[in-house]
């Protein structure tokens, strides 16, 4: 039995922009469908791919987790906000999310004393992950501030 490939955390490669935005968009779609099957889907696949290509990659600080030739996770930060952190189903529980989060925190320290994020209240796995990693719930929403209209939680963590 061969060992799984080593996971490397890196920034996007501009030479492979199209391939990487496509792979990350597909990972995002797969992870949300698997971990949040009851949350309303408000955007179709083409819209998600366009958003990743036109908004997320060009305007956010992105980190990609790659194992061999496969992208297995990613994180996107905008200033003090961790906007996205997803690990491909089947790759969770291997410390990839923690590695991504650690790198985001180091980078964010240069611009903010507090890292913030929102997650859905129904996302028990994400809630446990963030709480385990020092985040504290500071606000509970009724869903009126997100497209899915799903009750959410704002978490914060001091990082300086």
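So what is the 222 nm mean residue ellipticity for the chain from helices alone, if each DSSP H run of at least 4 adds -39500 (n - 2.57) and you divide by all residues, rounding to the nearest 500 deg cm²/dmol?
For the chain, the value works out to -9500 deg cm²/dmol.
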*Paramagnetic label zone (point 7 Å from Cα along Cα-to-C-beta, residue 148; backbone N under 13 Å) in segment 80-116*: 84-86
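List 160, 32 from most exposed to least, where exposure is judged by having the fewest other Cβ atoms within 10 Å.
160, 32
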*What is the fewest-to-most order of 26, 152, 145, 69 by other Cβ atoms lying within 10 Å of their Cβ?*
69, 145, 26, 152
*Mind sorting 92, 2 by how few other Cβ atoms lie within 10 Å of their own Cβ, fewest first?*
2, 92
*Say we join alpha carbon atoms closer than 10 Å with springs in a Gaussian network model of the chain; which of 150, 83, 47 then has the biggest fluctuation?*
47
*asked:* Just want to confirm a number: the relative contact order over segment 7-158, from Cα pairs under 8 angstrom separated by 6+ residues, in percent.
replied: 20 percent
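Laboratory data are not the source of any read-out in this text; all were calculated from the coordinates shown. Just so we're clear, the structure is a prediction, and the values are computed from it rather than from any experiment. When we count neighbours, we look across all protein chains shown, and the Cβ atoms used for this are built from the backbone with ideal geometry, even at glycine.
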